[in-house]
Amino acid sequence: MLAHEFIRNAYVAGTFVALASGLLGWFAVLRGQVFAGDALGHVAFVGAIAAAVVGVDERVGLFALTLGLAAVMAGLGRRAQANDVTIGVVFSWVLGIGVLLIAVLSTGSSGGDGLIVANTLFGSIFGLGAGQSLVAAAVGLGVVLAAMSIARPLLFASLDGELAALHGVPVRALGLVLLLLIGAVTAEGTQAVGALLVLGLIAAPAGAALRLTCRPYIGMALSGAIALVAMWGGIALSYALPSLPPSTAIIGLAVGAYALASVASKIVVWAPKRKSGHPAAVGEVRLP
Amino acid sequence: MNNPTLTWNLVHDVHELLAYQFMVNALQAGTIVAVMAAVVGWYMVLRRQSFAGHTTATMAFPGAAGAALAGLPTALGYYLACGIAALAIGRSSTGGRGGAGGRGGRGGESAAIGVVQIAGLALGFLFLSLYSGVLEQLEALLFGTFLGIDRGQVLTLALVALAVLAALAVVGRPLLLASLDPEAASARGVPVRALDVGFLAILGLTVAATSQITGTLLVFALLVAPPAAAQALTPRPGLSLALSVVFALLVMWLGLGVSYFSIYPLGFFITSFGFALYVAAKLARRAADAFRHERRPSEPAPVAVVA
């Protein structure tokens with residue numbers, strides 16, 4: 001299997017995109033910000049279309065729009081967390097602009113409208129060139145390192161924003177950085193592996209990890225590990241069954257992990273109480 | 001179709017617009033959808049369930065792909081997929097707002113909804129790859145169309161809207177109480193949990209119907225913007241519900257009218273009008289708060305209800 005170049009490229013890019021998504025997802029789920037990540041993934045393609053209209057590289061448009069929108073979302077909400085109504089209104093308008101741009105493209109001389117939409121919405125992990133996969137891996141690695149370097153204050157700010165602010169933690173700035181990092185991994189992931197995959201790897205592994213453990217650093221590592229296993233297993237599975245699209249295989253494994261974790265956490269909750277006092281509720285993360 | 005031209009004579013313009021049967025159909029369908037979306041969206045915004053609404057909207061993709069694979073009508077796939085997703089969200093969010101925080105709290109709920117969405121989309125990809133054909137009208141599916149709506153569709157929409165509005169008329173008042181203060185509601189014997197799931201089913205139906213006109217990606221233009229604008233303007237439930245309907249109709253009619261005379265698509269105009277409305281309402285709210293010195297600025301009055 002590894003003799004094929006496209007499989008090697010998929011593994012190189014997928015490994016780091018999965019790690020980044022799993023790690024950021026843990027914070028996104030903890031803070032109830034999955035919708036924000038989802039919105040960023042949906043608007044990403046508008047950036048690609050805008051870049052096509054202007055005539056620059058689509059990556060410029062992707063990054064400009066997702067990072068810009070992440071900043072807007074952070075700026076509009078309290079504690080740098082926009083509420084769901086703001087997200088909904090803003091992101092539907094950005095999509096509306098995308099519709100206009102598609103029309104502009106298809107009535108203009110350039111043509112080829114539907115193709116761009118299809119490619120950016122449904123980018124495939126099996127279609128990566130060697131250079132592209134290295135860039136995706138580099139962005140993923142950079143995001144992982146950045147997230148790890150702010151993990152501790154971000155954790156504090158996420159669990160108890162007011163207390164953290166009293167201790168001098170820059171709560172708003174950290175919220176902005178988290179959204180920017182999610183924006184970066186979405187922008188890179190959208191054109192490399194498809195927007196669906198990024199969202200899937202943000203929501204499912206982290207949701208599973210938060211149901212399994214309430215210890216923060218173990219949870220983060222577990223979330224990254226589940227994302228990684230889903231990615232590696234999904235690529236292999238899709239290679240073995242050609243009619244199974246890679247996105248479906250990877251997401252299928254991640255959703256399966258989430259379902260298993262949900263069942264497991266229910267069994268643990270029903271089990272007789274441990275003697276050591278009051279156990280933490282599932283999903284309730286405490287400061288280490 | 002001969003090229004429509006906009007003149008300064010508005011009566012003539014409207015007359016020209018209504019001369020075409022397809023435009024009459026579009027206006028009727030748009031009106032039905034706008035009323036339904038405004039009422040259901042009003043509750044959705046109140047209950048902070050926009051993510052759930054968006055997730056059911058994206059189910060149009062697996063719905064349409066699954067229907068193509070099974071050889072069923074697209075609309076049926078839509079309704080089925082939206083209904084299943086609504087039930088899945090209702091189950092997995094374990095009480096969500098109602099049941100004393102729910103397991104995993106807010107974060108757990110947002111993860112559960114996200115997982116339902118990606119699972120649906122991944123299934124959609126699988127259906128599409130098994131179908132191995134081209135899914136027709138992908139753009140219309142995503143971004144909507146108002147051309148080629150036939151009488152049958154208008155009739156179906158009217159029936160769905162009637163069912164949705166009738167259901168809301170029955171549960172409207174307890175649902176309002178359950179949305180604003182779930183604990184007080186359950187103390188009074190309101191079945192909060194059943195209302196949670198019931199409302200998600202209603203939301204699923206509405207989203208499926210709305211997305212046939214606006215496309216799956218743009219339902220929020222009608223479902224979120226008008227109710228959010230209305231709720232920003234007045235804290236009185238009855239009044240803001242009425243305002244929400246008026247706003248949605250305004251957005252829909254203006255959008256249809258303008259896009260008829262323009263070469264650009266309906267989706268752009270509807271979302272832009274919705275966005276402008278929301279921003280205007282927010283600014284008006286802020287100005288009113290600044291004017292009235294008693295009320296603290298930057299803190300909009302929550303929707304209050306005198307039960």
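The values are calculated or read from the model by the stated rules, or taken from the named source; none is laboratory data. These numbers were taken from a predicted model, which means no experiment stands behind them. Counting neighbours? That spans all protein chains shown, and the Cβs are built from the backbone with ideal geometry, glycine included.
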Please go through region A:187-218 and give me each residue that is within 12 Å of another protein chain (Cβ to nearest Cβ) and surrounded by fewer than 24 Cβ atoms within 10 Å (Cβ to Cβ), ordered by number. A:Leu212, A:Cys214
Could you please let me know if B:Gln212 is surrounded by fewer than 19 Cβ atoms within 10 Å (Cβ to Cβ) and under 28 Å from A:Gly98 (Cβ atoms)? no
Here is a list: B:Ala229, B:Ala184, B:Ala208, B:Ala163. Which entry is assigned to a helix (DSSP H, G or I) and free of Cβ contacts under 8 Å to residues at least 12 places away in the same chain? B:Ala184
Would you check if there is a residue in region A:214-225 being at pLDDT below 90 and of a type in the set (Ser, Thr, Tyr)? no
Over 15 Å from the mean Cα position of the chain (by Cα) and within 14 Å of chain A (Cβ to nearest Cβ): is that true of B:Leu254 in this structure? yes
With a cut-off of at least 1 residues that are more than 25 Å from A:Asp38 (Cβ to Cβ) and modelled with pLDDT of 90 or more, name the helices (runs of 4 or more DSSP H) lying wholly within region B:15-83. B:21-46
Let me spell it out: the conditions are (1) within 10 Å of chain B (Cβ to nearest Cβ); (2) over 17 Å from the mean Cα position of the chain (by Cα), and A:Glu162 meets all of them except one. Which number is the exception? (1)
